[in-house]
Amino acid sequence: MELTDKDVNLKDLEGKINLSQKKMLTLADQYGRDSLYTIQESQALDTLIMEYMRRKRKIS
């Protein structure tokens, strides 16, 4: 099965989401759930997830 540019972009975005999740969990363990660092990373993760959902919807 051949991957299109859109599929590759989604896979790349999935990778970014996974890395952001790991970073957020690490920050939460290190600084606590209510720390500024954790909240900022959580907001960045939310933005990535929303972008992923938008792109996924356009492909469908």
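The values are calculated or read from the model by the stated rules, or taken from the named source; none is laboratory data. Fair warning: this is a prediction, and the values are worked out from it, not measured in the lab. All Cβ positions, even for glycine, are placed from backbone atoms using ideal geometry, and neighbour counts span all protein chains on display. Ligands, DNA and RNA are excluded from the accessible area calculation, which covers all protein heavy atoms including side chains. Shrake-Rupley method; radii C 1.70, N 1.55, O 1.52, S 1.80 Å.
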Item to check | Any hit, the range 31-54, residues being touching a helix residue (DSSP H, G or I) at 6+ places or on another chain (Cβ under 8 Å), among the basic types (K, R) and assigned to a helix (DSSP H, G or I) | outcome: no
Checklist entry - Limited to the range 4-49, what total is found for residues that are open to solvent by less than 100 Å² (accessible area, probe 1.4 Å), of a type outside the set (D, E) and either free of Cβ contacts under 8 Å to residues at least 40 places away in the same chain or in contact with a Cys (Cβ under 7 Å, 6 or more places away or on another chain) (or both)? => result 22
